[in-house]
Structures are given as structure tokens and as C-alpha cells.
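Asker: Structure in C-alpha cells, see below.
The values are calculated or read from the model by the stated rules, or taken from the named source; none is laboratory data. This one's a predicted model, so the numbers in the text were calculated from it and none came from an experiment. Backbone-built Cβ (ideal geometry, glycine too); neighbour counts: all protein chains shown. Note: accessible area is taken over every heavy atom of the protein model, side chains too, but ligands, DNA and RNA are not part of it. Shrake-Rupley method; radii C 1.70, N 1.55, O 1.52, S 1.80 Å.
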Amino acid sequence: MAGLSLGPLLRYADGSSATIWVEASRPCTAEVRCADGARGTARTFQVAGHHYALVPVEGLTPGTSTPYEVFLDGAHVWPLPESPFPPSVIHTPDADGTVRVAFGSCRWAAPPADDHDPVGPDALDTLASRIARDPESERPDVLLLLGDQVYADEVSDATRRWLSARRDLSEPPGSEVADYEEYTRLYYESWLDPEIRWLLSTVPSCMIFDDHDVIDDWNTSAAWLADMRATPWWRERLLSGLMSYWVHQHLGNLSPAELAADPLYLAVRSAPDGTDELRAFASRADADPATVRWSYRRDFGRVRLLMVDSRAARVLDEQNRAMLDPGEADWLRTQALTDPGSYDHLLIGTSLPWLLPHLVHDAESWDAALCRGERGARWAEFGEKLRRAADLEHWAAFPESFEKLADLIAEVGSGDSAPASVLVLSGDVHHAYVAEPKWQTGSPSSRVLQLTCSPVHNSIPPYIRVGFRFGWSAVARGLGRRLARHGRCPHPSVKWRKTGGPWFGNQLMTLTLHGRSARLRLEQARADGTLKTVAESPLTPP
């Protein structure tokens, strides 16, 4: 009899349909049955000896919360027997048009060896506990996980012991994951956490990778990539990372219609074993990232989300560096400008912040200038070393892309059909803040903000906290200007100021969007098992 190995995860949900992701212990037919009679079935597909299904559920009633159950070959497998949690539900959007979006990034999932968690309480665990205590209370309509869902290069003690039973950890890549099977261990460790398992079964989620889903500083530069490709274990690591991301995260980002039209999904489902098809796809993505699109669009009523791949889609040639390759940049522009006036809020999800503390921005822009040779070969060599040592690889390290995003936001936010807000949602930097830009030649009418929230469950050394606080100061701004002058960097087309933060801790931000109003709340996980509101404010007029 088939068992439920992982899941269920409620991924896509709109007014009438949803998708539920599961992993089973053997080939079978997965079925979802809802209390209101809606249901769906899907046959599992196989990748590297694992069996997965993404079950489309049709016929849901808009504006309702419907409990559901999961069956494998007719046997009931979810909810688990004697579960302490309420029934998992599929919640379709509210009839009044209110959309609640919770977001964050960087969740190190390793369980503590005892009752003491060295990085503090998990914000997602705490959110799950709050919803479970009062299922009728406010809950997110969607959870955006903005990168570092798993840490392939930083494993727990338990996973290290598991790895040591498979292979010799004195051989590269040591205690980092090496192949697809080891990636599945990371997802088990993360998603079988009881609170997380229940939360992801009842709150829809959208995901995008960042560097640690593959390796720290993934695609930071052409020289970095060349060094990694010369490393014997790198190719298997990268292909396994892309394959496991496609299975565990990417597929659930797509609507049922997009899944039906996806040739790779069809090929993998049609094959007795889809491993070769998926591996060939990952190989093409490695050889030419422009052949693959990980970015995607989701619409929640009059809220448009554009989730942008700011890792795999990079152009790394020093003279033509870009955060997004031309095809990806065109996609972003098209999706943002299509049907003007059809949405009230535009959310641009990118794992890496667009607007950083001023000193950090100027340092990255300066370093990019050094690396492309503005100060000669010796400075270029120094710049590459500094880039890797200090993680200087955000939007500011791709100055042309920084400006193109600024131009696009200004265009979207101007004119009679401009949305009420354009909000850039990011994580990565292990703290939270709000920054507001102002254009040098006239700002858009939309409210534009950088909203950064990280980590969900991780830590930051005290000296880096001091550095981020200092990075916003007037002294730091003056130091940054000196670096920019040394690198002969042009002035950016926007100035910005910090309007909230920095906040440090395990935390989540929640946007409440209704009509043309937007409200932001930042909550931090506390040791007593609660989420404490540390900041709340309107972003647009009610």
C-alpha cells in the first residue's frame, strides 16, 4: 500500500481551482476529496526513485474554506491519524477582494538537538501555531517564500550523520549535499516539521530559489562560475539542485492551465521514469540559462505578482553584466505593462533587494566597476576577491539592471492607469527594512517601496547587525560616495531613504491589500510561541 512520504502542500489556489502536491512511497493514484464535493486525481510520476503527484482540484466555490482529505490508491492518508491540527482547507479568495500576502526568506530548517534552538523560534512554525489555535482568525491568502527554502551548503548535525552513512565526507563536497537523493533529505527535514507540514497544507504558497538552494553566492560572477565548473562535484550538485527545485518548488507555482501546456511536465508524467527527461532539461538550463524561465506571474484579483528569477537568469560577462538576460527582462517588462489599469497593486518578488543601505549599494556598484576594469587589471583582481568575500552581488552589482528596473517601475507607476502601489518584495539579507525611492526627474504617482523581510529562521552575527545599521547613516553615505567616485560610477537615477527598520530577528511581513489601499505589518517570533507585531502602518490611503 502506498504511503504519504511528504506533503500535502496546497500550492496554487484561485476562485475555483487548486493544486495539491504530494510525494508517495510507491507508484499510485493520488486523490483529493473536498467536503463540498470538489475533487481531483492524478497518477504519480517518478524521478530518481521518488514518486510525486500534483493533483488539480476543480469545481471549488469562490469565497469559501473547504476541508479536504488525501487518498492514495483509495486509502486515506491525510489528515494524519490523531492529528493535533485542525483539518486542512482550501480557501478561495474573499468575495470582498481583500488579499493578504505574507512573505519572508531564509529558513534554515535544521531541528535543534534539544529544546534550545540556537537561531531562535521559527516564524513559520509560530504562524502555524497561531492559525491552528484559531482557524477562523485572519490568515494569509498566500505565502511567498523568497529564497533559501533549503540550505544545500549548510546542513544540520542530523543530516551530516545521514550523509556520512552514504559516503566519505572527507571527499568533496564534504558535508554539503551532492546529488538528488541528498536534496530530498533536505526537503524531508524542512517540510516534515509538523507545524510546517500543516501550514503548507492549508495556506497556498509561491516559491523562488536564491543562492543557498544551490550554493552560497550562486552565479556571482563569470570567474566564480568558471572556478565551479572546474570542480569535479559541481555539475552533479547543480543538476540535482535544479531537478529537485523543479519537482518540489517550481511545479506548484504554475496554474493548472500552465501545467497542462508545459511540455516538460507532460514528458516527465508520460515516461515510466522521468529522470532522464528532467536531467536533460537541467543540463540545458546549465548550458544556456536563457532557454529556461523560472520566473512566473500570479494574479490575485486586482493584485498582480511577478516573481522574478534573480539567480539563474543572470548574464555574467563583465562587460555586459545583467541580473536578467534579455528574454527575462522582456518578460518582466511585458508582464508589468500588460493590461494597464487591470490591477491596483503590483508586487515584484525578487530574492535580492533592489534598494540596499546606501553604503552597501555604493560598495557593490564600485566593486562592479573595478571588476569590469575601470581602474585597471590589479584593481579588477582585487574587485573579484572582494565580491566573493563580501557577497557583493545584489541588484546594485548589476548597475544597468538596477537602472532598468527603476525605469520600468517609474513607467508602470505613472499615468492615469497607474496602480496604487508598486512594491518590491525581497529577503536574503537577514534583517527587515522599508525603503522609499524618489526619482531624480519626477517620481511616479504610485507609492513605490522596497519591502525586505528576512530571515524566517536563521541568525545574523552582531558585527553584521552593526554594519547594516551603519550602512544607512550619513557618514556611511559619504563613504559610499567616495567609493563611487573612485569607481567612476554614475549617479543612480533614484535616491532613497529608509522609512522603517532595520529590524532583526526571525520575522514575517504581511501585506493586506483591499481595493487601492495597502497596509503592512511586521511580526517577529517570540520564545513564548507568539508572533509579536513590531511595526504596522498604511502604505497607501485607505
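Asker: Within segment 395-447, work out how many residues are closer than 25 Å to residue 143 by Cβ and in a loop (DSSP other than H, G, I, E, B).
Answerer: Result for segment 395-447: 8.
Asker: Another question, then. Quick one: would you say residue 47 is in contact (Cβ under 8 Å) with a residue 24 or more places away in the chain, over 27 Å from residue 239 (Cβ atoms) and not acidic (Asp, Glu)?
Answerer: So residue 47 does not fit the description; no.
Asker: Something else about it: Can you tell me which residues in segment 282-313 are without any contact (Cβ under 8 Å) to a residue 24 or more places away in the chain and within 23 Å of residue 255 (Cβ to Cβ)?
Answerer: 291, 292
Asker: Go through segment 142-170 residue by residue and tally those that are assigned to a loop (DSSP other than H, G, I, E, B) and charged (D, E, K, R).
Answerer: 5
Asker: All but one of (1) open to solvent by 40 Å² or more (accessible area, probe 1.4 Å); (2) touching a helix residue (DSSP H, G or I) at 6+ places or on another chain (Cβ under 6 Å); (3) of a type outside the set (Gly, Ala, Ser) hold for residue 168, so report the exception by its number.
Answerer: It fails just one condition, (2).
Asker: Now a separate question. Answer yes or no as to whether residue 123 is open to solvent by 10 Å² or more (accessible area, probe 1.4 Å), of a type in the set (Gly, Ala, Ser) and either at negative phi or under 19 Å from the mean Cα position of the chain (by Cα) (or both).
Answerer: Answer is no for this residue.
Asker: Looking at 139, 130, can you tell me which residue is among the basic types (Lys, Arg) and in a helix (DSSP H, G or I)?
Answerer: None of the other options fit; the residue is 130.
Asker: Does residue 75 satisfy the criteria of being out of contact with any Cys (no Cβ under 7 Å at 6 or more places or on another chain) and within 20 Å of residue 205 (Cβ to Cβ)?
Answerer: So residue 75 does not fit the description; no.
Asker: Does segment 73-88 hold any residues that are in contact (Cβ under 8 Å) with a residue 60 or more places away in the chain and at positive phi, and which are they?
Answerer: 73
Asker: Somewhere in segment 93-108, is a residue buried (at least 21 other Cβ atoms within 10 Å of the Cβ), among the aliphatic types (A, V, I, L, M) and in a loop (DSSP other than H, G, I, E, B)?
Answerer: Checking segment 93-108: not a single residue is buried (at least 21 other Cβ atoms within 10 Å of the Cβ), among the aliphatic types (A, V, I, L, M) and in a loop (DSSP other than H, G, I, E, B).
Asker: Hey, could you check segment 496-523 for residues that are polar (S, T, N, Q) and within 16 Å of residue 143 (Cα to Cα) and say which is surrounded by the most Cβ atoms within 10 Å (Cβ to Cβ)?
Answerer: Here the answer is 506.
Asker: Let me ask something additional. If the Cβ limit is 7 Å and pairs must be 6+ apart or interchain, which residue in segment 423-438 that is open to solvent by less than 10 Å² (accessible area, probe 1.4 Å) pairs with which residue that is assigned to a loop (DSSP other than H, G, I, E, B) and at pLDDT below 95?
Answerer: 431/460
Asker: Read through the list (1) farther than 30 Å from residue 96 by Cβ; (2) buried (at least 20 other Cβ atoms within 10 Å of the Cβ); (3) more than 20 Å from the chain's Cα centre (by Cα); (4) not β-branched (Val, Ile, Thr), then give the number of the only condition that residue 446 fails.
Answerer: (1)
Asker: If only one of 43, 39 is open to solvent by 10 Å² or more (accessible area, probe 1.4 Å) and either in contact with a Gly (Cβ under 6 Å, 6 or more places away or on another chain) or closer than 22 Å to residue 80 by Cβ (or both), which one is it?
Answerer: It is 39.
Asker: Now for a different question. Being part of a loop (DSSP other than H, G, I, E, B), open to solvent by 30 Å² or more (accessible area, probe 1.4 Å) and not polar (S, T, N, Q) is the filter here; which residues of segment 2-34 pass it?
Answerer: 14, 26, 27 - these are the residues of segment 2-34 that are part of a loop (DSSP other than H, G, I, E, B), open to solvent by 30 Å² or more (accessible area, probe 1.4 Å) and not polar (S, T, N, Q).
Asker: What's the number of the only condition in (1) farther than 30 Å from residue 226 by Cα; (2) over 28 Å from the mean Cα position of the chain (by Cα); (3) open to solvent by less than 50 Å² (accessible area, probe 1.4 Å) that residue 467 fails to meet?
Answerer: The failed condition is (2).
Asker: Anything in segment 131-182 that is touching a residue at least 12 places away in the same chain (Cβ under 8 Å), over 25 Å from the mean Cα position of the chain (by Cα) and closer than 30 Å to residue 97 by Cβ? List them, or say none.
Answerer: 135
Asker: Looking at (1) assigned to a strand (DSSP E or B); (2) surrounded by 23 or more Cβ atoms within 10 Å (Cβ to Cβ), which one does residue 454 not meet, given that it meets all the others?
Answerer: Of everything listed in (1) assigned to a strand (DSSP E or B); (2) surrounded by 23 or more Cβ atoms within 10 Å (Cβ to Cβ), residue 454 misses just condition (1).
Asker: Considering only residues that are out of contact with any Leu (no Cβ under 8 Å at 6 or more places or on another chain) and open to solvent by less than 60 Å² (accessible area, probe 1.4 Å), which ones fall in segment 269-280?
Answerer: 271, 274, 275, 280
Asker: I would also like to ask the following. Taking residue 492 as meeting all but one of (1) within 26 Å of residue 413 (Cα to Cα); (2) of a type outside the set (Val, Ile, Thr); (3) without any contact (Cβ under 8 Å) to a residue 60 or more places away in the chain; (4) not in a strand (DSSP E or B), write down the number of the exception.
Answerer: Condition not satisfied by residue 492: (3).
Asker: Any residue in segment 55-70 that is out of contact with any Lys or Arg (no Cβ under 7 Å at 6 or more places or on another chain), farther than 20 Å from residue 19 by Cβ, open to solvent by 60 Å² or more (accessible area, probe 1.4 Å) and outside any strand (DSSP E or B)?
Answerer: no
Asker: Which fully enclosed helices (runs of 4 or more DSSP H) of segment 171-268 have 3 or more residues being surrounded by 22 or more Cβ atoms within 10 Å (Cβ to Cβ)?
Answerer: 180-191, 194-202, 234-245
Asker: Name, by its number, the condition in (1) open to solvent by 60 Å² or more (accessible area, probe 1.4 Å); (2) of a type in the set (D, E, K, R); (3) in contact (Cβ under 8 Å) with a residue 40 or more places away in the chain that does not hold for residue 387.
Answerer: (1) is the only condition that residue 387 fails.
Asker: Of all residues in segment 360-372, which are open to solvent by 10 Å² or more (accessible area, probe 1.4 Å) and among the small types (Gly, Ala, Ser)?
Answerer: 363, 365
Asker: Go through segment 264-279 and give me each residue that's farther than 23 Å from residue 5 by Cα and within 24 Å of the chain's Cα centre (by Cα).
Answerer: The one that is farther than 23 Å from residue 5 by Cα and within 24 Å of the chain's Cα centre (by Cα): 264.
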